[in-house]
Structure formats: structure tokens, C-alpha cells
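All remarks here apply to the structure that follows.
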Amino acid sequence: MSSIESFPTKRGTACFSEDCVHFDESLSGYIQSLYQEYWQSGTWWHNGIFVGYILALPIGLWWTVSAVRGGDFLLLGIVAGLMIVLWLVDRVRGFRSPDRIRLDTIEEVSATDGQKGLTRPRLIITYTEGETTYRRRVNLPSLYTSSGETAYERARTAFAERGF
């Protein structure tokens, strides 16, 4: 019997059942995670990071509206086109984001611990669906948070206990 039944992700939680791993990730889960890890930490620079995350959405919306109203469709098209190209490249490389992956379809789980200030810890789950092999990227909490390193170890241990 495995001792770890769930671990935190960047946008929510990953939970194990008898036959699958379920990812409960949402925008509200992401905001809640940011609030718990940054705002409730009590340090001024963690609070600043939280405020920056929260202000990024309205600033992005404001920029988009001002670009549309100002007729700057070229810049807006370049940004939208770049986002679409990056999404397509990810799809071509085989990355998908299913909410549930059956454990018996998982071929491999690779873990990357990340570098503080540059990348965040993450898992890459390689699984098959039908005759096709796909990958699922699972971003974990930042190393700047109090639970960043423990979440990474918890996720690695959870999959290791299940033979991956």
C-alpha cells in the first residue's frame, strides 16, 4: 500500500486512486495555491510576488483592450500568433493535459528538480493512449515557496512507490 495519496501541483493537486492519477487543477486552485504559498508566508518579497501574479491578468487585459482600441492589430497579431505557435509545437511534441491518466498506461515518469529563479520542478509522465504515446507535463510549486522542495520529493516518492 502506498503512503502518499496526493501531492500539490502548480495549479492544484494530483491524487492517486487504485487505477489512475487524477489532476485537480483549475484557475481557482492556482490562485488559492498562490495565496497560500506567497501571501500567507508573511515575508514582504513573497507578498510582492503574489501581488505581481494577481496584477498580471488585469494588466494583460488592459493591454489587449488598449491595443484593440488603438488599432495596433499588428502587435496583437504577433503576440497571439506566437502563443498559437508555441501551443502547436507542444502538441506536435506529444504533450497533452488530461485530467486523468490510468496507471497501467504510464510507461515512464521523469523528474526535473528545477533551478531556483530559472525553472520550477516538474514531472514528465509518458503514457500511451490507444497506439499513440503522449506526455503530460506536471509543474510543481516554485522553489521560492516554503513547500517547493518537499512537494517535489513527495511527487517523486509517490510515483516511485507505484513502481515508476
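The values are calculated or read from the model by the stated rules, or taken from the named source; none is laboratory data. Owing to the predicted nature of the structure, the values given are computational and were not obtained by experimental measurement. All Cβ positions, glycine included, derive from the backbone under ideal geometry; neighbour counts span all protein chains shown. Protein only, heavy atoms only, side chains kept; ligands, DNA and RNA dropped before computing areas. Shrake-Rupley method; radii C 1.70, N 1.55, O 1.52, S 1.80 Å.
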Heavy-atom accessible area of LEU82, protein chains in place, probe 1.4 angstrom, given in Å² to nearest 10, is 100
How would TRP63, TRP45 line up by accessible area, probe 1.4 Å, largest first?
TRP45, TRP63
For the range 17-39, list residues with backbone N below 19 Å from a point placed 7 Å from the Cα of THR105 toward its Cβ?
17-25
The range 1-83: which GluC sites (Glu not before Pro) are DSSP loop and have at most 13 other beta-carbon atoms within 10 angstrom?
GLU5, GLU18
Per-residue HN-Hα couplings for the range 136-147 [Karplus 6.51, -1.76, 1.60; θ = phi - 60°; Hz; x = Gly/Pro]
10, 8, 10, 7, 9, x, 4, 5, 6, 8, 5, 9
For the range 151-164, in order, what is each residue's ³J(HN,Hα) by Karplus, 6.51 cos²θ - 1.76 cosθ + 1.60 with θ = phi - 60°, in whole Hz (x at glycine and Pro)?
5, 4, 5, 5, 5, 4, 5, 4, 6, 4, 5, 9, x, 10
Alpha-carbon centroid distance for the pair the range 1-44 / the range 49-121, whole angstrom
19
Would you grab the residues whose amide H sits under 5 Å from the one on THR9? Only those 5+ places off in sequence or on another chain, please, with H modelled 1.01 Å from N.
ALA14
Measure of size requested: the Rg and Dmax of the range 91-145, with Cα atoms as the atom set and Å as the unit; please supply both.
12.6, 40
With a 1.4 Å probe and every protein chain left in place, work out the accessible area per residue of the range 7-161 in Å², rounded to a whole number.
63
Segment GLU129-LYS116, extension gain: residue separation times 0.36 nm, minus the distance between their alpha carbons
1.3 nm
Return the percentage of antiparallel bridges among DSSP beta bridges fully within the chain, rounded to the nearest 5 %.
95
Rg/Rh ratio calculated on Cα atoms of the range 1-152 (Kirkwood radius):
1.03
Charge dipole of the chain about the Cα centre (unit charges at C-beta), most positive-ward option of THR119, TYR38, ALA56:
ALA56
Given the convex hull of the Cα atoms of the range 1-89, what is a quarter of its surface area in nm²?
9.0
Tally up the carbon and sulfur contribution to the accessible surface of the chain as a whole percent, 1.4 Å probe, everything protein left in place.
58
